[in-house]
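The values are calculated or read from the model by the stated rules, or taken from the named source; none is laboratory data. If you're wondering where the values come from, they're calculated on a predicted model, not measured in any experiment. We place every Cβ from the backbone using ideal geometry, glycine too, and count neighbours over all the protein chains shown. With ligands, DNA and RNA removed, areas are computed over all heavy atoms of the protein, side chains included. Shrake-Rupley method; radii C 1.70, N 1.55, O 1.52, S 1.80 Å.
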Amino acid sequence: MEKVITRRDFIKKSSKIAAVTGCGILLKGCSTKQEFDIVIKDGCIFDGLGNEAFVSDIGISENFIKYIGKISSSRGKSIIEAKNLTVCPGFIDAHDHTDVGLLVNPKAESSIRQGITTVISGNCGASPFPIAEEIFEEAKENMKEEYQIDLTWRDIKGFFSALEEKGIAINYSTLVGQGSIRGSAMGFNDRPPKAEDLEMMKGLVEENIKNGAVGLSSGLEYAPGSYAQADEIAELCRVVAQYDGVYATHMRDEGDYLLESLDESIDVARKTGISLQISHFKVAYPRNWYKVDEALSKVESANREGIPIFCDRYPYVAGSTGLSFNFPLWARQGTTDEFLARLKDVSLESRLRAYIDERKEKLGSWDKVIISSVITDKNRVFEGMNILQGAKETGKDPFVFMRDLLIEERNRVGMVIFMMKEENLKKILAHPLVGVGCDGSAIAPYGLLGKGKPHPRSYGTFPRVLGKYIRDEKIISMPEMVKKMTSIPAKKFGFINRGVLKSGYFADIVLFDKNKVIDKATWRDPHQYPEGIEYVLVNGRVVIKRGEHTGELPGKILRKHV
């Protein structure tokens, strides 16, 4: 059970706590005469800095926390009764993929209802900008078909303008994708950059950072970012490091070559001085599960060396990506049409089958892969089926089933893939250098974003951590985990006056019932909101009230300050 101190006990040690929470030293009978827009009364407060909880009130006016201490109810225009509720800074999703979905549904339902108030998007080397000229028309067509919106931007400024014009419920920040940069500068094929290519990529990185991106991301298992060698990535990171940005990497391999990939990522940070974020830290496939301790040891060694390193992880043993991930990189290079042409080429079938057989050996069986999304109504029946079930349904072998589905859907097929171990997951989540990221998107159980059988992490990540792993399994304490969800990522990504409950800080706040909070989304029925998240405030406005969305859209674009 978490220790909660009374206000009287809190007063006794207030000199120490005040320095980190922003509270005044509270004397008996002390109150403020200031009037507040909102007063949160009698909440059990975790400040986000890892301190033990204390019971107090919070006064909020406009966007900000104005006072933490005893406040008379008469001083609040609106009162939130928080007795028996836990109050902490709004959660910061350190690894997110929300982007154009906010133009479809700006309420950000599946994120805000988890208590997420800020997302860091643009991960795994892919951002919705810059858009390469050779794929612009295809992207425009896909956007219209998938989301029923017009592609009106080509760069980060245009995308930010579209979001601000629409209004959003959460705070949005983004990295710029190294894969998007490479595709725009030199196309989508596997070749080393010429000198002019490298200069163009460096220029694009600098342009995006100056216009608000908080750093650079890579997805080194995906084309075209995967075609970059470490020296090329280091050149781009040197540009980002000049502006104190972050390099977040989906490493080159998270299974057979996990340790080597960690070495590569850490070496890039060592050479360039950049702040490093290891994305969705995992040990994939049963034959590699034993590597978890050595992998974490490498992170610890880099930290001791003085390399600014942090990781993120979601609380599930399955990942999710495109079905095309099961096919080799050489086949995936180039445009969508070029990839599909290789799938159709009978002369390449034996090579493709050999690669697919290797993938099966890693996984153990194709029943570990579930089809999560398709585009066409014709193939909707396969959503929720594993590969073996889909193959049986169509009378095809697994290779032909996957190949044909990718061709029919023009490579727009999502999958959920079970490849991790529960014991390793708990060890990773509990580690002091690992925070929390959904690796999902803000979606909803209705409308265009309510389709398919997506990974439940988009709905349940933060409540699952709080309920299953902290309350029930007690892998670490609540104050420690709240800190890893709030102040640590805020500092890592340079968010000013966020991530802590402190006077003068933005009022991004979540109130939850720690006895009830839990995820409800499942593999079979993922479109379900969690329980126990009672209130969520973003920039001082109530977005979730008694578990329901108010329709408020107070989110801001959190741009990099350069």
| note | Answer in debye to the nearest 20: the dipole magnitude of region 467-546 about its Cα centre, from +1 Lys/Arg and -1 Asp/Glu charges placed on Cβ, is 240 debye
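The chain: percent of C-alpha pairs farther apart than 33 Å? Display every interim value, and only then the final one.
Numbers: 64793 of 157641 pairs.
The proportion of pairs with Cα distances above 33 Å equals 41 percent.
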| message | Ranking request for peptides 135-144, 75-84, 105-114: highest mean number of other beta-carbon atoms within 10 Å first, then the rest in descending order. | response | 105-114, 75-84, 135-144
| Of Lys282/Lys453; Lys453/Lys474; Lys107/Lys453; Lys107/Lys157; Lys41/Lys107, pairs whose Cα-Cα distance is over 25 Å | Lys453/Lys474; Lys41/Lys107
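Less than 15 Å Cβ to Cβ from Gly499, Lys/Arg counted +1 and Asp/Glu -1: what total charge do the surrounding residues give? Please list the in-between numbers first.
Numbers: positive: Lys483, Lys484, Lys491, Lys492, Arg498, Lys502, Lys556; negative: Asp47, Asp93, Asp312, Glu480, Asp508.
Surrounding charge for Gly499 is +2.
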| message | Could you compute how much accessible surface Ser161 exposes when probed at 1.4 Å, giving the result in Å² to the nearest 10? | response | 70 Å²
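Tally Lys and Arg at +1 and Asp and Glu at -1 over the other residues with C-beta under 15 Å from the C-beta of Ile407: what net charge comes out?
On the way: positive: Arg332, Arg342, Lys344, Lys378, Lys396, Arg403, Arg410, Arg412; negative: Asp337, Glu338, Asp345, Glu349, Asp404, Glu408, Glu409.
Here the count lands on +1.
As a test of reading the structure, rank Thr376, Thr118 by solvent-accessible area (1.4 Å probe, protein chains only), most first. Walk me through the numbers on the way to the answer.
Values: Thr376 45, Thr118 5 Å².
Most to least solvent-accessible, the answer reads Thr376, Thr118.
Once fully extended, how much extra length lies between Glu358 and Ile149, figured as 0.36 nm per residue of separation less the alpha-carbon to alpha-carbon distance?
Working: separation 209, 0.36 × 209 = 75.24 nm, distance 3.95 nm.
That works out to 71.3 nm of additional length.
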| message | Under a crude label model (7 Å from the Cα following the beta-carbon direction), how far is Gln229 from Glu480 in nanometres? | response | 4.2 nm
| task | Relative to the longest principal axis of the C-alpha atoms of the chain, give the angle of the C-alpha long axis of helix 156-166, reported between 0 and 90° and rounded to the nearest 10°. | result | 60 degrees
| query | Tally Lys/Arg at +1 and Asp/Glu at -1 over every other residue whose Cβ is under 14 Å from the Cβ of Asp357; what's the total? | reply | +2
| query | What residues from region 62-92 fall in the zone where the backbone N is under 20 Å from a label point 7 Å along the Cα-to-C-beta line of Asp472? | reply | 86
| task | For helix 136-147, report the angle its Cα long axis makes with the longest principal axis of the Cα atoms of the chain; keep it between 0 and 90° and round to the nearest 10°. | result | 60 degrees
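Can you order the peptides 478-491, 258-271 by their average number of other Cβ atoms within 10 Å per residue, highest first? Display every interim value, and only then the final one.
Details: 478-491: 23.6, 258-271: 19.1.
Ranked from most to least packed, the peptides come out as 478-491, 258-271.
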| task | Could you work out the relative contact order of the chain, using alpha carbon pairs under 8 angstrom and six or more residues apart, expressed as a whole percent? | result | 21 percent
| task | Send over the Kirkwood Rh of region 151-192, from the inverse of the averaged 1/r over different Cα pairs, rounded to one decimal Å. | result | 12.3 Å
| Using the per-residue mean of other Cβ atoms lying within 10 Å as a proxy for protection, in what order, highest first, do the peptides 121-132, 295-306 fall? | 121-132, 295-306
| query | What number, rounded to the nearest 500 deg cm²/dmol, is the helix-based mean residue ellipticity at 222 nm of the chain, given -39500 (n - 2.57) per DSSP H run of at least four residues and division by all its residues? | reply | -9500 deg cm²/dmol
| said: Using only Cα atoms and rounding to the nearest 10 degrees, what angle (0 to 90) does helix 292-305 make with the longest principal axis of the chain? | reply: 60 degrees
| remark: For region 138-269, averaging the sequence separation of alpha carbon pairs under 8 Å that lie six or more residues apart and dividing by its residue count, the contact order in percent is 22 percent
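At 0.36 nm per residue, and after removing the present C-alpha to C-alpha distance, how many nm does the segment from Lys271 to Leu388 gain when stretched out fully?
The Lys271-Leu388 span can extend by a further 37.6 nm.
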| request: State, to one decimal in nm, how far the label point of Lys426 lies from the label point of Asp367, with both points 7 Å from Cα in the Cβ direction. | output: 2.5 nm
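Counting only protein heavy atoms and a 1.4 Å probe, tell me what percentage of the chain's accessible area is made up of carbon and sulfur. Numbers along the way, then the final one.
Numbers: 10420 of 21750 Å².
Roughly 48 percent of what the probe reaches on the chain is carbon or sulfur.
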| query | Counting only heavy atoms of protein chains, what accessible area per residue, in Å², does the chain have with a probe of 1.4 Å? | reply | 39 Å²
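Would you mind calculating the gained length between Gln34 and Ser161 on full extension (0.36 nm times residue separation, minus the Cα-Cα distance), in nm to one decimal? Could you put the intermediate results ahead of the total?
Details: separation 127, 0.36 × 127 = 45.72 nm, distance 3.66 nm.
Gain on stretching Gln34 to Ser161: 42.1 nm.
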| field | Label-point separation in nm, Arg524 to Glu81, each point 7 Å along Cα→Cβ | value | 3.9 nm
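How big is the shadow of the Cα convex hull of region 351-477, averaged over all directions, in nm²? Don't jump to the answer; show the numbers that get you there.
Working: hull surface 38.8 nm².
Taking the Cα atoms of region 351-477, their convex hull projects to 9.7 nm² on average.
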